[in-house]
Structures are given as structure tokens and as C-alpha cells.
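Note sheet for the following structure.
The values are calculated or read from the model by the stated rules, or taken from the named source; none is laboratory data. All values derive from a computational prediction rather than experimental measurement. Here Cβ is always computed from backbone atoms with ideal geometry, including for glycine, and neighbour counts include all displayed protein chains. Heads up: the accessible areas ignore ligands, DNA and RNA and are worked out on the full protein's heavy atoms, side chains in. Shrake-Rupley method; radii C 1.70, N 1.55, O 1.52, S 1.80 Å.
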Amino acid sequence: MRRLLLTLRRRAQSAVLRRLRRSRFFPRTIPDRRGEDLAMATARFDATVMVYFPGALDTTYQITPWLPTFEALHRVHRVVIVCQDSRVAEQLGRGSSFPVVTIARYGTLDGILSRSEVKLALYVSHLPRNFEALRFGSLVHAYIGHGDSDKGVSASNQLKAYDFVFAPGQAAVDRIERRLMRFDAAAHCRIVGQPLTLSAPLPAEGEATGSGAVLYAPTWEGAQPSVAYSSVLAQGERLVRGLIADGRFPVLYRPHPLIGVTSPAYAVADRAIREAIAAAGGPHRVISADDEALESTFARASALICDVSAVATAWLPSLKPIVVTASAGPGAVSADSGMLSAVPRLPADEADRAADLVAGEMRDEEGRGRRQQLVAYYLSPYWPDGLTDRFVAVCDEVIAERDVLRGRLVEQGATGV
């Protein structure tokens, strides 16, 4: 009787969980794992490249900017995106010419890959569930990231799990080489540029851009102390109120989508900034990442204030003034770099002088030249016109290398995936 009751309880729990996963109230931060596993029990991928993205709905910002590049790659090497969240798959699949599928069970993926000719796997983040795909030795695995920054995590030891790192520029390679032990950056890194930065060509000398507005685009608090670079808690409200009170610049506030996810204090600070902007009204605005692409927000602004983050790198091609905060938490890994030595920094205890710092940068005629040098260092010689072709060419190279190496292993008796 006891065993029967336990069985019935498990079935009831499973039924409730299945119903919850289908509910609109299911959390955005957890993959719903509503897979197409039954339908794909004997299926195969008609693809050479698998983009593995096991993230939940709140992480789609990491992969969405890559979709145009994947479209270009799909025209040469067929692409499939594998998700673990059906909501993510639905969102990514809208308008895509390549398939986007949801696979919940590791065993299903194992079976499909054993029947397919997938040769290259791409990853846009370091999610722990990446290891469910990294296990397969018949594929070459490449980390492509979701934006380059001078955060310590950009040179994470997790990069050693991948066969290749597709680096945006020489800055990324140098950063990895300086930080990682027993890792041959020259051998494992391939510079591809950063397709995520294809927002606009370099403005002509003297060309007016933006609307006089200052964009404040802070990063989130991070999942651990070593990547706590956000300025939201330390100076965000004072910074924004100071800019509004100064009156010289309209303020655009674009918070990172994950601010407040791990810290209620940051959520409170974010809300205070939003309230300050709402109270000021007029030209001051809050812009959500869900409502507008980053490059569109960039076009609205004449200067940027941000934290140590990928936003700084993405802004560089505009050549417009940039100020980077110095508000990192006490445990954050030092992020000294070429960029941070070339642009002004705003310490937490000087948030009130943000307007003067921005105005000074706007008057600095030599600042544009310094930022132009940073573009070449961070975004590679392939930026902007050659980025997509370069990305496809590097995929060509590593797929060809994989075929040679895999052929040798098969000759020696290797089997399976």
C-alpha cells in the first residue's frame, strides 16, 4: 500500500509540474523543458552546425543578436539551434530559415547526433548545461560568446572546455593570454570580429550623431562577487539625478535585463532610478531591452556612461564619447585594459560630476582618435564589412580540420559520437 501511495504521489507531482510548465506563470528564469523528444525519437538533424542554447527565456538577449550571422552561415553550412525551453525556441524560430528545436532529454540529443552529420557546435554562453553537448567527441566545439568586455569572466577558465574560442579581436586574445594558465591562446583562438556590432558604419569626421542625450546603460550585479561590476547600487540614482538636475543633457536609462535577479538591493536601486526619470518627465526616458535593439538606443545618444561590460565594446564603433564607471564591488576581478586606460572613469563617490565629465569628453577633439584606435584593437581588422564573411570562413576552416582529425580517429577504431 505504501509503495502504491508513493507511486500515485509521484504521478500527481509530475502531472502538476507538466501543467505548470505549460502555464504562462512558469518562471522566465527556468527552462520549461517542454521538448519535442517523442516526435524526434528517430529523427536526425539535416545540419552541419549545431548552436546549443539551453538558456531560459530571460537569457535570449545573449543569442538574438547572432541570428543574422547564423542565417548567413546557414546558406553555406546548414544550421540548427537546439534549446531546452520551448518559449525560447518559439521566439528564435520566428522568421528564421533554419530549424529551432527544443530537446529536454540528454538521451534524445545523443540519439539524434548519432544519426546525424553535425560537425561543429557553437555556444554563446558558459551555461553549465553546455556540458550536455560538450560531451560529444565527434564534434568540434567553439565558444562565440555574446559580446566582448573587459570583465574577468571574459577570460574564464571555462574556455578550456572548448576546442576553439572565436574571439572578437586582438584585445580578447591578449586578455585570455594574460589571465589563463596552461592555455595556448594563439592555438585555440580565431579572430572573427564581432558580428554583434554591425549597427552602423563609422561616422564621418565631424558628422553629428545622437540627440545630445546621455545614455546610462549599466550592467547587472553578476552572479558572484568576482563579476560585480554594476554601478546601479553604488551610484546609479545619484548619477541620474545629477544629470537631470544639471539640465544640459536628456537622460536615457537602459538597464541590463538581469538587474536585480540575484540581489533585491539592486532591484530596489533600479526602481529608484526609474522613478527619478518618471518624475522628471520631459526628454528623459527609460528604454527596455525588450522594446528596442541596442543599436537603436545607441543612435539616440551622443554619449554613453556604462560599466565594465560588453556595452562599452559595442559602443566603440560610434566613436562618440564614453565614460566607464569605477563602481566594481570589493570582490570584482581587476579589469585593467587598453580601453579602461584610454577613456575617463567615474568613481562611485564622484557620481555627481558625471555631467561635467561627459561635457569635457564632448569637447575633447583628441578623444575620437583614441576611440578609433580602440575599434581596431577590440573589433579586429575585419570590422565592419568583412565580419560575416570572416565568421563563415573560420567555420569552414574548423569544419575542414575536424573532418581530417575525425577521419584519422575513425581509421584507428573510434566509434560513436
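Yes or no: VAL311 open to solvent by 10 Å² or more (accessible area, probe 1.4 Å) and β-branched (Val, Ile, Thr)? So VAL311 passes the test. The set of residues from segment 224-275 being touching a His at 6+ places or on another chain (Cβ under 9 Å) and either aliphatic (A, V, I, L, M) or surrounded by fewer than 22 Cβ atoms within 10 Å (Cβ to Cβ) (or both) comprises VAL232, VAL240, LEU243, ILE244, PRO250, VAL251, LEU252. Filtered by the rule that a residue be closer than 15 Å to ARG87 by Cβ and either surrounded by 21 or more Cβ atoms within 10 Å (Cβ to Cβ) or without any contact (Cβ under 8 Å) to a residue 24 or more places away in the chain (or both), segment 61-74 gives a lone residue, ILE63.
The number of residues in segment 368-405 that are open to solvent by less than 20 Å² (accessible area, probe 1.4 Å), in a loop (DSSP other than H, G, I, E, B) and farther than 25 Å from PRO321 by Cα comes to 0.
Considered as a group, the residues in segment 406-415 that are more than 15 Å from GLU117 (Cβ to Cβ) and surrounded by 12 or more Cβ atoms within 10 Å (Cβ to Cβ) include one that is modelled with the lowest pLDDT, and that residue is ALA414.
Can you confirm whether GLN373 is out of contact with any strand residue (DSSP E or B) (no Cβ under 6 Å at 6 or more places or on another chain), farther than 15 Å from CYS189 by Cα, at pLDDT 95 or above and not β-branched (Val, Ile, Thr)? Taking the combined requirement at face value, the residue does not satisfy it. Filtered by the rule that a residue be among the aromatic types (Phe, Trp, Tyr) and either open to solvent by 20 Å² or more (accessible area, probe 1.4 Å) or out of contact with any Lys or Arg (no Cβ under 9 Å at 6 or more places or on another chain) (or both), segment 165-197 gives a lone residue, PHE183. Examine segment 317-335 for a residue that is surrounded by 19 or more Cβ atoms within 10 Å (Cβ to Cβ) and closer than 30 Å to VAL76 by Cα, and state whether such a residue exists. Scanning segment 317-335, I find at least one residue that is surrounded by 19 or more Cβ atoms within 10 Å (Cβ to Cβ) and closer than 30 Å to VAL76 by Cα, so the answer is yes. Are any of the residues in segment 130-142 at pLDDT 95 or above, within 29 Å of PRO317 (Cα to Cα) and touching a strand residue (DSSP E or B) at 6+ places or on another chain (Cβ under 9 Å)? Scanning segment 130-142 turns up at least one residue that is at pLDDT 95 or above, within 29 Å of PRO317 (Cα to Cα) and touching a strand residue (DSSP E or B) at 6+ places or on another chain (Cβ under 9 Å).
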